[in-house]
1. Let me make sure I get this right: for the stretch 20-86, a, b and c are the square roots of the gyration tensor eigenvalues over alpha carbons, sorted descending. Under 1.5 in a/c it's rounded, otherwise prolate if a/b > b/c, else oblate. Which is it?
2. If I fit a long axis through the Cα atoms of helix 72-81 and take the longest principal axis of the Cα atoms of the chain, what angle between them do I get, 0 to 90°, rounded to 10?
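Quick note: the coordinates plus some simple rules give every number you see, no bench work behind them. As the structure is a prediction and not an experimental result, all values here were calculated from the model.
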Amino acid sequence: MTPAFLAALDAIPTGTSRGRYNDQTYVVSKTDFADGKSVKLVAEALGGTDYISLNVYLTRQQALLKPCEMTAAKVIAFVTGVKIEG
């Protein structure tokens with residue numbers, strides 16, 4: 001996992017917010033677990049059918065990305081491309 005992906009994930013606020021991606025508005029929910037060593041992110045397009053779900057686990061050796069029933073490319077593109085509003 002790239003530093004750019006981890007920085008983009010870190011920039012998404014914990015809790016629920018709205019974001020824009022590919023000309024759609026999403027409700028984005030980010031939850032931190034285990035003192036930030038595990039992160040869950042879920043995003044759902046408003047008025048559409050797109051859905052993003054992933055977990056990231058930070059170990060001493062590496063960061064592990066676990067997309068939920070979708071490709072890693074899809075979740076990486078979303079996290080690095082979403083613009084959080086407000």
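1. Prolate.
2. Rounded to the nearest ten degrees, it is 70.
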